[in-house]
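Nothing in this text is a laboratory measurement; each read-out follows from the coordinates by a stated rule. Source: prediction; values computed, not measured. No Cβ is skipped: glycine too gets one built from the backbone with ideal geometry, and neighbour counts run over all protein chains shown.
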Amino acid sequence: MTVRFALLLSVVIALVSIGAIDPSILTSARASDPANPWANVEGEVIVRDSAAGTLVSMRPEKDQKEQKEKKEQEEQKKKHAEKSRKKEEKAEKAEVPAPAEQKKSENAKKAEAEKPAAKPSGATAEPKPGVEADKAPAKTAAAPAEGAKTEPPKPATVEVKRQRLKIEATFDGVFEAQQTAELVLRPAEWQGLTVMHAVEHGTVVRRGDVIVAMELEKIDRALADLRTELRLSELSLKQAEEELRAIEALAPIDLAAAERAHKQTQEDFELYKGVFRPMNIRSAEMMMKLADFRVENAEEEMEQLEKMYKSDDLTEETEKIVLKRAQMQLEVARFNREIAKIQFEDTIKRDIPRMDVRNEEAARRADIAWQRTRVLAPVSLEKQRLEVEKLRVARARAEERFAKLSADREQMTVRAPIDGVVYYGACDRGRWGSALGEQLQRGVVVQPNKVFATVVQPRPLAVRVNVPEKQLINARVGMKATIKPAALPEVRLEGIVDRVAAVPHGGGLFDAKITLAAEKSAESLKPGMTGEVKVLAYDKPDAVVVPVAAVATEEDDDRKHFVYLMAEGKPKKQAIEIGRKTDKLVEVLSGLTPGQQVLAEAPKEKAAESASAKPADAAKPDSAGPAKAAQPSAPSAEAGKQQK
């Protein structure tokens, strides 16, 4: 009960403070709680309404519940009003509403604010005549305000100003040494590029110092073998040249000898056929005839001797001797005839045919040899000449290979071409690739024709930037630039755009180079460091400018621009010629003069024409009620959507 009394007392004090209850007329029925003399048996308090002069029965629990519900309704009403305000502000940014639409929007807001919130279904309260009586006069007094005509708000305008228009383009830059020397091995023959020793990354070297030394044992062996091959090829060439000279000298002699031998053989063959062959046949026949003659002669002599012996002209001893001789001669003659016969037959049947074949073959051989010599002698001579030429080419190639290997060996001891600092890797537009420090170790093979290190002279420095194609207008040769090194954010370096590539190098980016005016204030800067580059693309101290939102383009030609110029309190479309622009300002070259007023945000062209054609609609009161008053916000939102 103590808690209930405390709550009731707080409510009474609140009502007294607002003058709704006269504390002098507070009465109570029979009191059931000694601690609360103003409460009856049901916990009810009877109070008098000083304004209405009536008694009001109040129950603390119900009043607290109603107040709580009323507070929630008010909070919901505030949230709803805030959402409506934000929505309308968003629509107003997309398009400036016409005066009539502004009036309708305001009426909608007012109707929404005055619309009584629906009471929750679970809330019940007893009638309060005094409270309703107080509210009635207030509502009656507010009625004339709703019907009163209100002036539409004026659209936001800005003044055309003359001020400095400065355009700076910001790029990411990298510091690059202007003098560098790439270290790359380009061997013509040798491929085994094995590291024996390499200086460390960042080593300061002078011209001629050894930076990398390669393994040389294998190439030295190859050079020794090639020297031996060169000596052998030299001897072979010398021998072939001597043979060529001999062939060239003997070729006409051999040709003449072959021709002479052919001629002699033909003559001998003709002589054999015409003379020696018939003579051989006749000789054989004569020898046979002679043998026959001798036999006949011996037979006749024997016959005569026998006749003589029969006549006894000789003594018996002489007879025997002569007969014996004659008999012997006859036998010899007969034997010689047999030999002659055999020889004759051998000569006729064997020797002469064989001699015929031999002489014919000799003649044919001589003819073939002559023809061969006549044809092959020049061929052999030419072949020997080609052989000599081949040996000469082979030797020249061997000498060339030896020279290339010797040059490759010289490359394998890499020396610094300039004074500077050794950087591992290659520099691509000021940016260094992955470091090769771990790879330049003993035993590692270096890839030919690939940059493995670079000698860099730390000064002078330049800055390289990648310019997107949309920013080419803001990065031209001769423009001034300011560089803020990332390592020295408090330092500012001045430079000038020295070169911009004529073609992109990939991804729509153009390479640009900025030379620095002075580097004394940034001695700690090193090639490869980065910084922010700001190029002063445009700077006009007395440019006529308007906000970007105030400028619109023609629907059928986006090259034509216009603004809405305020003339006699009304917006009027005004064509302009624009120059450069930033994110916020646009330079006006013609069409406006400083001091003129234009709409701060150019609306859609149709909305602006409608506003100029019907200015009287803005003063008409909205009698359609809260539901219709909320409708004008829809076109505004749609216009904002189209603007986006």
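What the table shows:
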| quantity | calculated |
| --- | --- |
| Number of Lys pairs (Cα under 20 Å; 8 or more positions apart or on different chains) in the stretch 218-411 | 12 |
| Net charge dipole size for the stretch 218-411 [Lys, Arg +1 and Asp, Glu -1 on Cβ; Debye, nearest 20] | 1540 |
| FRET efficiency, Q441 to K383 (Cβ-Cβ, R0 56 Å, nearest 0.05) | 0.50 |
| Shape of the stretch 188-319, Cα gyration tensor, a/c cut at 1.5 | prolate |
| Net charge of Cβ neighbours under 10 Å - reference Y538; Lys, Arg +1; Asp, Glu -1 | +1 |
| Top positive-direction residue, dipole computed over the stretch 218-411 with Cβ charges, set P378, Q411, N297 | Q411 |
| Rounded, prolate or oblate (a/c below 1.5 giving rounded, otherwise prolate when a/b exceeds b/c) for the stretch 337-417 by Cα gyration tensor | prolate |
| Projected label distance in nm at R325 and N297, using a 7 Å step from Cα toward the beta-carbon | 1.5 |
| Extended-chain gain in nm, criterion 0.36 nm per residue less alpha-carbon gap, A518 and E399 | 37.5 nm |
| Sequence-distant residues sharing a close amide H with R580 (under 5 Å, placed H) | E587 |
| Note, ³J(HN,Hα) from phi for the stretch 267-281, Karplus 6.51, -1.76, 1.60, rounded to Hz, x at Gly and Pro | 5, 4, 5, 5, 5, 5, 5, x, 10, 5, 5, x, 5, 5, 5 |
| Which of P252, V357, F269, positive extreme of dipole for the stretch 218-411 (C-beta unit charges) | P252 |
| The stretch 178-218: trypsin sites (Lys or Arg not before Pro) falling in loop per DSSP and having at most 15 other Cβ within 10 Å | R206, R207 |
| Rg/Rh for the stretch 218-411, where both radii come from Cα atoms and Rh is the Kirkwood radius | 1.56 |
| HN-Hα J in Hz across the stretch 211-217 - Karplus 6.51, -1.76, 1.60, θ = phi - 60°, x for Gly and Pro | 9, 9, 10, 9, 6, 10, 4 |
| Computed FRET value (nearest 0.05) for E242 with H197, which takes r as the C-beta separation and R₀ as 56 Å | 0.65 |
| Distance-filtered residues of the stretch 562-589 - backbone nitrogen under 11 Å, label point 7 angstrom along V548 Cα→Cβ | 581-586 |
| Two-site FRET efficiency, R364 against A249, from Cβ-Cβ distance with R₀ of 22 Å, rounded to 0.05 | 0.15 |
| Karplus (6.51, -1.76, 1.60) ³J(HN,Hα), θ = phi - 60°, over the stretch 362-367, in Hz, Gly and Pro reported as x | 4, 5, 5, 4, 4, 5 |
| Segment L536-Q266, length gained on full extension (0.36 nm per residue, minus Cα span) | 86.4 nm |
| Proportion of all alpha-carbon pairs of the stretch 411-512 beyond 17 Å (%) | 66 |
| Dipole of the stretch 498-543, positive end: most advanced residue of L536, I514, A502 [Cβ charges, Cα centre] | A502 |
